[in-house]
Every structure is written in C-alpha cells, then in structure tokens.
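Notes to accompany the following structure.
The values are calculated or read from the model by the stated rules, or taken from the named source; none is laboratory data. What you see is a predicted model, and the numbers here were worked out from it, not measured in a lab. Methodologically, a virtual Cβ is constructed for each residue, glycine included, from the backbone with ideal geometry; neighbour enumeration extends over all protein chains shown.
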Amino acid sequence: MTLDQTKQAQRRQGMAARRALDPETRRAADAAICSRIAALPVWQKAGRVLGYAAFGGEPDLADLLQDPGRPGRKIAWPVCGPACSLTAAVPAAENGWEAGAYGILAPVLDRAEILPPETLDLVLVPCTAFDAECRRVGMGKGYYDRYLPRCTGAAVYGIAYEVQRVEAAAAGPLDVRLDGVVTERGIYRWK
C-alpha cells in the first residue's frame, strides 16, 4: 500500500474505533483525558491554549476547556478557513459561536479575539490514529500540519482514545510530530 492508502485505512479504522465506544465508556474516557491534561505542567502554566470542539466521535474536552482554570487564561478554538487555513479564535461572550466548516462548532471570527499561532502556549490536536512515537493521522486536509509549524512557542499534544493507537502511524515528511499524545490510559511522549 502507498502512504496515502495506509493513511486512509488508519483514518477509517481509528474513526470507526472511536465511534464504536459505548456512551458510558466514552464519558469515562473523556473525564480521564481531561484529568490527564489538567495535570500536565504545560497546561497549568499555559496562558493561551488552542483546544477544539469534539466532532465525529473525537474525545470531548468541553468540561476542561469551558472553564479556563485560572485567571487570565485564554482558550481559543480552531476556525477552518480558505486553502485549509486555521485560525485560533477566542469566542465573544455573546453570540460568539456558529456552525463552521464541516458543521463543527466554531467562534464567529468577526466577533472573536484572534490569537496569533506564535503566541500560543499549548495546542490540543484531535487525532484519527496515532502511534507511541507521537505521530498522528488527522482527517486528511492538512489544516493542523500547515498551522503547527507556526506555533513556535507551543507544546503540541494529540488527543485520542487508546483504541485509535496503531503500531506505526502513516506519517509523511509534511506531517508534524507531536510533543505527546494524551489518552484515557496515559500520556505518550517522544521528547
């Protein structure tokens, strides 16, 4: 199989595995993932975080991200734009949300505070598949792989369920390796 074919197979397998989790298992896993993130020193120190809104069976971090956890912390959410661009936006307090690209909940850009990528401290990235070496397979459009190299001061952690782990993620030269991957069972690190 080619790299692209392997990525497609891993993407399908990972998405099916996360969707197959029963609601009780998913809730417990989401709570464990949120607890692991909250215990990370980088989370505790981070002033600017890019999270995500769960979609398609992704781990749901809403309980963690809806409460900044400390004064002054800004939580931004990704907004998908033209040419597979990504923008980190902090939603306005009133009427700050809309259905964005692919039907994913996103901040309304013209009412949001935009956080430049180089100012972020922590980026939490959903995965469709990952391996113990912190390589990830995403949804296939390359939004994060284009964005992450610009996050020069940020720690970057993938977020996934353990059932999405593969022996070797199909990563090419443009796929950005993560600093770590957080699952309900633990944290994988390669640095």
Count - residues of the range 1-12 that are within 14 Å of residue 164 (Cα to Cα) and out of contact with any strand residue (DSSP E or B) (no Cβ under 7 Å at 6 or more places or on another chain): 3
Quick one: in the range 171-190, of everything that is aliphatic (A, V, I, L, M) and modelled with pLDDT under 95, which residue is nearest to the chain's Cα centre (by Cα)? 176
Filter result (of a type outside the set (Asp, Glu), within 22 Å of residue 19 (Cβ to Cβ) and touching a residue at least 40 places away in the same chain (Cβ under 8 Å)) within the range 38-64: 51, 52, 53, 54, 55, 56, 57, 59, 61
Quick one: count up the residues across the range 140-191 that are loosely packed, with under 15 Cβ neighbours inside 10 Å and of a type in the set (Lys, Arg). 5
Could you pull out the residue among 108, 90, 137 that is under 15 Å from residue 178 (Cβ atoms) and either surrounded by 15 or more Cβ atoms within 10 Å (Cβ to Cβ) or free of Cβ contacts under 8 Å to residues at least 40 places away in the same chain (or both)? 137
Which numbered condition in (1) at positive phi; (2) under 15 Å from the mean Cα position of the chain (by Cα) is the only one that residue 125 fails? (1)
Go over the candidates 30, 60, 67 one by one and state the one that is acidic (Asp, Glu) and under 15 Å from residue 162 (Cβ atoms). 30
Which helices (runs of 4 or more DSSP H) does the range 1-81 wholly contain that include 3 or more residues that are of a type outside the set (A, V, I, L, M) and either buried (at least 17 other Cβ atoms within 10 Å of the Cβ) or touching a Pro at 6+ places or on another chain (Cβ under 6 Å) (or both)? 3-19, 23-39
